[in-house]
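Data first, discussion second: the structure below is written as structure tokens.
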Amino acid sequence: MFNNILVVCVGNICRSPTAERALQKLVPTKKVTSAGIAAERSRLVGKTADTMAIDTASRYELDVSNHSARQLTAEMCRENDLILVMEKGHIDAVCDIAPAARGKTMLFGQWENQQEIPDPYRQSQEAFDHVFKLIEQSASQWSKRL
């Protein structure tokens, strides 16, 4: 059973915090957290979510304002039952950090035809809205399976 779920993107300031909160809202009995593959390299550890991500989520009644970015670690991968990533390439990046995680790492958009969720960072409001809708649809599909 998947009780501890980790959502992963690159910097942990746009997609994964939004997906974390969207999934938490739909499956409150599960522990859902998030982290970034390159949060440390990008100097984002400890930073809040991107302001566009905060504003977009807020418009859809989701609060990510108190998020603090984290770097993905092998320990996080071991502690979680399921790891959900935004892009296919993230699966390999997660497995570079924790090779044993391959069997429990899947796309967040798995049940939406293996949909990858593009990074809206430093893009338009329309890009953030599009990504939010993809996250919302994917979270809904996961909630039915968890």
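Worth pointing out:
- Hey, residue 124 in contact (Cβ under 8 Å) with a residue 24 or more places away in the chain, of a type in the set (Gly, Ala, Ser), out of contact with any Phe, Trp or Tyr (no Cβ under 9 Å at 6 or more places or on another chain) and surrounded by fewer than 17 Cβ atoms within 10 Å (Cβ to Cβ) or not: no
- Annotation note: of 134, 146, the sole residue that is at negative phi and under 13 Å from the mean Cα position of the chain (by Cα) is 134.
- Of the residues making up segment 95-107, just one is of a type in the set (Val, Ile, Thr) and over 12 Å from residue 78 (Cβ atoms), namely 105.
- Check on residue 34, polar (S, T, N, Q) and surrounded by 14 or more Cβ atoms within 10 Å (Cβ to Cβ): yes
- Residues considered: 40, 75, 61, 79. Of these, the only one that is surrounded by fewer than 24 Cβ atoms within 10 Å (Cβ to Cβ) and on the phi > 0 side of the Ramachandran plot is 61.
- Scanning segment 3-34 for residues that are in contact (Cβ under 8 Å) with a residue 40 or more places away in the chain and assigned to a strand (DSSP E or B) gives 4, 5, 6, 7, 8, 9, 33.
- Qualifying residue in segment 83-105 (condition: surrounded by 20 or more Cβ atoms within 10 Å (Cβ to Cβ) and in contact with a Gly (Cβ under 6 Å, 6 or more places away or on another chain)): no
- Filter result for the condition that a residue is modelled with pLDDT of 95 or more, touching a strand residue (DSSP E or B) at 6+ places or on another chain (Cβ under 6 Å) and among the small types (Gly, Ala, Ser), over 143, 68, 138: 138
The values are calculated or read from the model by the stated rules, or taken from the named source; none is laboratory data. Since the model is a prediction, treat every value here as computed from it, not as a measurement. When we count neighbours, we look across all protein chains shown, and the Cβ atoms used for this are built from the backbone with ideal geometry, even at glycine.
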